[in-house]
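The values are calculated or read from the model by the stated rules, or taken from the named source; none is laboratory data. Owing to the predicted nature of the structure, the values given are computational and were not obtained by experimental measurement. Backbone-built Cβ (ideal geometry, glycine too); neighbour counts: all protein chains shown.
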Amino acid sequence: MTFISVLLALMLEQYRPVGNNHWVQRLMRYWIDRVPNYCDTGEETSAKVAVTVLLFPPVLLVVMVHLWLIYQLPILALVWNVFIVYSLMGFRQFSYHYRNIQEALKEKRLDDARKELSDWVGGSLNTETMTESDIVRHTLERAILAVHSNVFGVFFAFLLPIGPAGVVLYRLTLMAEERWKFGIVSPKLMEMIQKFRYLIDWLPTRLTATGFTIVGNFEQAAYAWRYHQKKWDTQSKAILIGTGGGALGVQLGEPLPQVSSAEALLLAESGDTPVQELGLIPVPAHLYSGASLVWRAVVLWMILLGMLSMAVWFGRL
């Protein structure tokens, strides 16, 4: 049922994309915004209560519906699974901006590409003076993070024993962190949701990176995973963007600082080599390569899930 649910959800999303204004997404944002008003007092205990109130009722509701349908109406249980995955997984939740930037760069409309990137990322990134290469680099970085949180992370969360409830748990956590980071909650609550996000996203992050490594440039992706951790502010970003850029054979993130002669000499004496940049300078053609990389990774994981499902089915015969 897991394989069929994911396959149907992906097919349905391609036929009728789910946007950020879908009623399920709006309902989740409403819930995320209301919980701190009643639970957040700035203390550690209240932060734990707020996270529990945020996650436990929706997850419990989805689990109860899922279990009831499995025992009473198995066919509707499949429909329920597809509905949850379809509502919370989707390429189109980020591909609209990606495609517009791609088209703008293809037609040499740099100002339009800068504006589209600014609308996508928000005010945290100044795009006014960006070169074509900078636009491509930031677009790829943003897309890699988005495809993980909207596609692969949801995929792996659905494989948890609680099924569709795992998807709700995962997406609620990520959406809460995104919405609360703008200062609408206390530092204690923000710290608590970040810790929980790190915990729940630890394995999906590494599985997504593994997929990129397998279907892309293996050596460069593995090198970036191992040595480029310091280029980003969080470990998850370093793993995802590092392996994504390595798999594409393109340089992402800020350039590494040059090693001084003294440092190079010390490294040579110890038998080590300096960490170096790998890959090409980003160009618009890499945006097409990025889309291809994502689809290859999707096919890889669907094949593996299909093989696992077949093994389970044959094992029951």
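Per-structure values
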read-out	value
Per-region count, segment 149-206, residues under 28 Å from Leu7 (Cβ atoms), β-branched (Val, Ile, Thr) and surrounded by fewer than 16 Cβ atoms within 10 Å (Cβ to Cβ)	0
Tabulated pairs, segment 88-104, first over 11 Å from Ala146 (Cα atoms) and in contact (Cβ under 8 Å) with a residue 40 or more places away in the chain, second surrounded by 21 or more Cβ atoms within 10 Å (Cβ to Cβ) and basic (Lys, Arg), C-beta under 7 angstrom, 6+ apart or interchain	Leu88/Arg171
Verdict on Ile70 being farther than 24 Å from Arg197 by Cβ and either in a helix (DSSP H, G or I) or of a type in the set (Asp, Glu) (or both)	yes
Residue in segment 155-172 that is out of contact with any Asp or Glu (no Cβ under 7 Å at 6 or more places or on another chain) and over 26 Å from Leu300 (Cβ atoms) present	yes
3 or more residues in contact (Cβ under 8 Å) with a residue 40 or more places away in the chain and closer than 25 Å to Ser292 by Cα: qualifying helices (runs of 4 or more DSSP H) within segment 131-195	132-147, 153-158
Test: residue in segment 175-191 that is within 18 Å of the chain's Cα centre (by Cα), farther than 27 Å from Asn37 by Cβ and either β-branched (Val, Ile, Thr) or modelled with pLDDT under 90 (or both)	no
Number of the exception - Val18 against (1) part of a helix (DSSP H, G or I); (2) surrounded by 14 or more Cβ atoms within 10 Å (Cβ to Cβ)	(1)
Identity of the residue in segment 83-107, outside any helix (DSSP H, G or I) and not aromatic (Phe, Trp, Tyr), that ends up surrounded by the fewest Cβ atoms within 10 Å (Cβ to Cβ)	Glu107
Pro57 being more than 30 Å from Ala285 (Cβ to Cβ) and modelled with pLDDT of 90 or more	yes
